[in-house]
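Written below as structure tokens is the structure these notes are about.
The values are calculated or read from the model by the stated rules, or taken from the named source; none is laboratory data. As the structure is a prediction and not an experimental result, all values here were calculated from the model. Reconstructed Cβ throughout: ideal geometry from the backbone, glycine too, with neighbour counts over all protein chains shown. Keep in mind that these areas ignore ligands, DNA and RNA; they rest on the heavy atoms of the full protein, side chains included. Shrake-Rupley method; radii C 1.70, N 1.55, O 1.52, S 1.80 Å.
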Amino acid sequence: MSIKLTPIDIVENITKEEFHEKYLKPRKPVVIKNMARQWPAYEKWSLDYMKEVVGDVEVPLYDSSKADPAAPINASAAKMKFADYIDLIKTTPTDLRIFLFDPIKFAPKLLDDYMSPKELMGGFLDKYPNMFFGGQGSETFLHFDIDMAHIFHTHFGGRKHILLFDYKWKERLYQIPFATYSLEDYSIENPDFEAFPALNGVEGIECYLEHGDTLFMPTGWWHWMKYLDGSFSISLRAWDKSWAVKAHSLWNLTVQRKFDNFMKAQFKGKYMAWKEQLAIKRANEALAKGLPK
């Protein structure tokens with residue numbers, strides 16, 4: 001019993017034509033080694049540098065505990081001054097992470113340190129892209145991004161282990177209904193196939209990022225990430241041209257999210273228990289039918 005993982009494609013450089021033909025059109029992940037080496041950030045960005053320029057902003061922190069059924073999605077576990085957090089992850093393994101944080105808003109000069117890869121595609125979204133920080137051993141739970149954007153995820157200051165799964169595997173990954181994440185009772189790194197049999201035979205891609213590496217994650221790809229060192233990443237997001245994908249994004253961000261938060265507030269643990277049972281039922285049905293085909 002196993003999850004079938006294949007190594008990710010790795011390129012040093014890539015032309016627009018090659019990128020569109022091999023990765024954008026078929027929606028296939030790839031690591032681009034040299035993209036960020038052209039940025040000033042490649043030489044400048046370190047944990048110490050981020051601490052210096054961002055300052056003592058209070059930031060929300062997230063841990064590996066299971067989501068509170070009564071809390072809205074992305075509710076933080078704690079708060080800490082950014083500088084204190086950087087000191088923590090430089091020296092101590094911890095499961096505390098920062099995500100969906102925009103330090104560039106507090107240090108606009110960081111805008112000069114990176115460039116969206118517009119030579120590869122258009123449709124980039126954010127003036128202030130999200131950045132993600134994690135301590136050694138911290139994990140980002142298995143999920144896909146709610147806005148269904150394409151992601152160029154560039155890592156700095158250490159190493160990160162990533163597992164990727166095509167959107168078509170969502171039922172077999174025990175997707176929680178009305179949410180963008182999987183059942184949190186299993187480890188995708190070391191699955192218990194007896195308890196979660198639908199994971200057996202799931203196909204994915206394995207990736208390791210080092211300083212300056214850029215991962216292209218196409219729209220809808222599920223991802224699990226583990227920080228092997230205290231380090232950080234920046235994600236540059238771009239729209240897919242498909243109107244169906246844009247409509248899916250709008251649905252996720254409006255109707256689905258509001259409905260889910262309403263039901264959590266009203267029914268709390270009962271609602272979450274129902275969702276988890278439904279995720280297991282759907283996973284078992286997909287396995288029995290041999291889905292996806």
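Some notes on this structure:
- Answer from Asp213, Asp126 - the residue that is within 17 Å of the chain's Cα centre (by Cα) and under 26 Å from Leu88 (Cα atoms): Asp213
- Residues satisfying the stated conditions in the range 212-235, i.e. touching a Gly at 6+ places or on another chain (Cβ under 6 Å) and open to solvent by 10 Å² or more (accessible area, probe 1.4 Å): Asp229, Gly230
- Selected residue (criterion: nearest to Phe216 (Cα to Cα)) from residues of the range 92-125 that are in contact with a Lys or Arg (Cβ under 8 Å, 6 or more places away or on another chain) and of a type in the set (Asp, Glu): Glu119
- Filtered residue count, the range 97-136, keeping only those that are assigned to a loop (DSSP other than H, G, I, E, B), under 15 Å from Ser233 (Cα atoms) and of a type in the set (A, V, I, L, M): 1
- Scanning the range 163-191 for residues that are within 18 Å of Phe216 (Cβ to Cβ) and open to solvent by 10 Å² or more (accessible area, probe 1.4 Å) yields Asp166, Tyr167.
- Check on Arg257, outside any strand (DSSP E or B), among the charged types (D, E, K, R) and open to solvent by 10 Å² or more (accessible area, probe 1.4 Å): yes
- Residue list for the range 206-254, filter: modelled with pLDDT of 90 or more, polar (S, T, N, Q) and either assigned to a strand (DSSP E or B) or more than 22 Å from Arg172 (Cβ to Cβ) (or both): Thr214, Ser231, Ser233, Ser235
- The range 1-33, subset out of contact with any Gly (no Cβ under 8 Å at 6 or more places or on another chain), more than 15 Å from His150 (Cβ to Cβ) and outside any loop (DSSP other than H, G, I, E, B), residue least open to solvent (accessible area, probe 1.4 Å): Val11
- Pairs, first of a type in the set (Val, Ile, Thr) in the range 144-157, second assigned to a loop (DSSP other than H, G, I, E, B), C-beta under 6 Å, six or more apart: Ile146/Thr180
- Every residue from the range 139-162 that is surrounded by 19 or more Cβ atoms within 10 Å (Cβ to Cβ), outside any loop (DSSP other than H, G, I, E, B) and among the hydrophobic types (A, V, I, L, M, F, W, C): Leu142, Ile151, Phe152, Phe156, Ile162
- Selected residue (only one of Ala238, Ala265, Ala288, Ala273 is among the small types (Gly, Ala, Ser), surrounded by fewer than 20 Cβ atoms within 10 Å (Cβ to Cβ) and over 27 Å from Glu189 (Cβ atoms)): Ala265
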